[in-house]
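Here is the structure we will look at.
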Amino acid sequence: MTARIIDGKAVARKLRAEYAERIADLKSTHGIQPGIAVILVGDNPASQVYVRNKILACKDTGIHSELHKLPADTPEETLLAEIDALNANPAVHGILVQLPLPPHIEVAKVLEHIAPDKDVDGFHLYNVGGLITGNTVFPPCTPYGVQKLLEHEQVEISGRNVVVVGASNIVGKPMALMLMQKDATVAICHKMTRDLAQFTSLADILVVAAGVPGLIRADMVREGVVVIDVGINRLPDGRIVGDVDFEGVSQKASLISPVPGGVGPMTITMLLHNTIVSAERGLAAQGRAKQG
């Protein structure tokens, strides 16, 4: 068996075209343009690239974006005050603080300072807690992108054995909760898991987000498995690879996402989606207020 490759770029393009229509309708019918504010603290080169890509994606779909650049030595109180101002700005529907932050700033405090109804990254405790009940407003963008890829490929989730390798708060844990809401049987593996292969070999769907290049080999998976590789690793020779041995595993899997070109484009696309939803929620709240 040779796997069919999941083209994340193509799926992202399709979704962004749909989102552009929703944005155009909000602007023409209601005079509302979804807007997102991105806060970048410091000069981390990778962060600058990520932020640039997010702003370009916003421009392409019609979302207003504004970049708030702060020096690396910005006091935590100044950053929180910046967030307060954006929380109060009705033209800003989403607030994103690019991670990582300088070591003198407490990440949890910053993320929890963002208003939950503008937390388009899905990192606020309100949205993370909502994953337990299935009532989160904004799912975290990367696992949400994985879910959308599975939906697009019409992968049956209910009743399937799903193994998530990696237990981060950004990907692994929320991914497991989201798939449990779809009635999957989910196991979460991490760096302390003994004999990883005994779990991965049982997976009908395998989501890998461990940050270890080539961690998953062909002998660790079953025939016909659906593999989503979230890992992004730069090798010494400059190549970008995932956490899965693509060449080997693709000979046994039925579906597999590549790196790059798989989950990556979907992460930013889900950020756009969450920003649009925030604007639509704001419009609905205005309508209820007028009726009241």
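All of the numbers you see were taken from the coordinates with simple rules; none came from a lab. Every value quoted in this text rests on a predicted model; they were computed, and no experiment measured them. Here the Cβ positions follow ideal geometry from the backbone for every residue, glycine too, while neighbour counts run over all protein chains shown.
Considering helices alone, the calculated mean residue ellipticity of the chain at 222 nm is -13500 deg cm²/dmol, with DSSP H runs of length four and up weighted by -39500 (n - 2.57) and normalised per residue. Taking every C-alpha pair closer than 8 Å and separated by at least 6 residues, the mean separation divided by the residue count of the chain gives a relative contact order of 22 percent.
With Cα atoms as the point set, the range 1-112 shows a radius of gyration and Dmax of 17.0, 56 Å.
Volume per residue of the convex hull around the Cα atoms, evaluated for the range 99-154, comes out as 85 Å³. Its alpha carbons give the chain an Rg and a Dmax of 19.6, 62 Å. Each principal axis of the Cα atoms in the range 141-263 has its own extent, and those three values, largest first, are 41, 29, 29 angstrom. Applying a DSSP loop filter and a limit of 14 other Cβ atoms within 10 Å to the GluC sites (Glu not before Pro) in the range 120-227 leaves E156, E223. Once the dipole of the range 1-46 is set up with Lys and Arg at +1 and Asp and Glu at -1 on Cβ about the Cα centre, which of L26, A37, A10 lies farthest towards its positive end? It is A10, whose Cα lies furthest towards the positive end. Once divided by 2.2 N^0.38 Å, the Cα radius of gyration of the range 209-292 becomes 1.65. The peptide list 256-269, 171-184, put in order of mean Cβ contacts within 10 Å with the highest first, becomes 256-269, 171-184. Taking loop as defined by DSSP and a crowding limit of 10 other beta carbons within 10 Å, which trypsin sites (Lys or Arg not before Pro) in the range 201-292 fit? Sparse-neighbourhood loop trypsin sites (Lys or Arg not before Pro): R239. Among the listed pairs K59/K191; K148/K290; K9/K173, those with a Cα-Cα distance over 30 Å are K59/K191; K148/K290.
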